[in-house]
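Chemist: Here it is, the structure in full.
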Amino acid sequence: MGFWAAGLLGAIIAVALNDLGFYAAISYGLWREGVNCLVQDLQATVLLLALITSVLAARYFLGLGLPIDLLL
């Protein structure tokens, strides 16, 4: 459905959102057992996004463009 609606970018987003419900169920179960890893997950996500942003910015400033330019 994602590919049909928005092409390759839609398919990538659909794959990324595929496990969101599973993650919510697992996080809720861990929270009920007294194990809360949400803060750790948020910190890891922020770190990952910062690293991806810095690599993409370096590519852009070196004149290599962005990888998503080929998809658009």
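Chemist: Taking the stretch 7-52 on its own, how many of its residues are among the polar types (S, T, N, Q), assigned to a loop (DSSP other than H, G, I, E, B) and either touching a Pro at 6+ places or on another chain (Cβ under 6 Å) or within 27 Å of Ile68 (Cβ to Cβ) (or both)?
Modeler: 1
Chemist: Answer yes or no as to whether Gly21 is exposed (fewer than 10 other Cβ atoms within 10 Å of the Cβ), at positive phi and at pLDDT 85 or above.
Modeler: It is false that Gly21 is exposed (fewer than 10 other Cβ atoms within 10 Å of the Cβ), at positive phi and at pLDDT 85 or above.
Chemist: Moving to a separate point now. Which ones in the stretch 56-67 are surrounded by 10 or more Cβ atoms within 10 Å (Cβ to Cβ) and either farther than 20 Å from Ile13 by Cβ or touching a residue at least 40 places away in the same chain (Cβ under 8 Å) (or both)?
Modeler: Residues satisfying the conditions are Ala57, Ala58, Arg59, Tyr60, Leu64, Gly65.
The values are calculated or read from the model by the stated rules, or taken from the named source; none is laboratory data. Values in this document were obtained by computation on a predicted structure and should not be read as measured data. All Cβ positions, glycine included, derive from the backbone under ideal geometry; neighbour counts span all protein chains shown.
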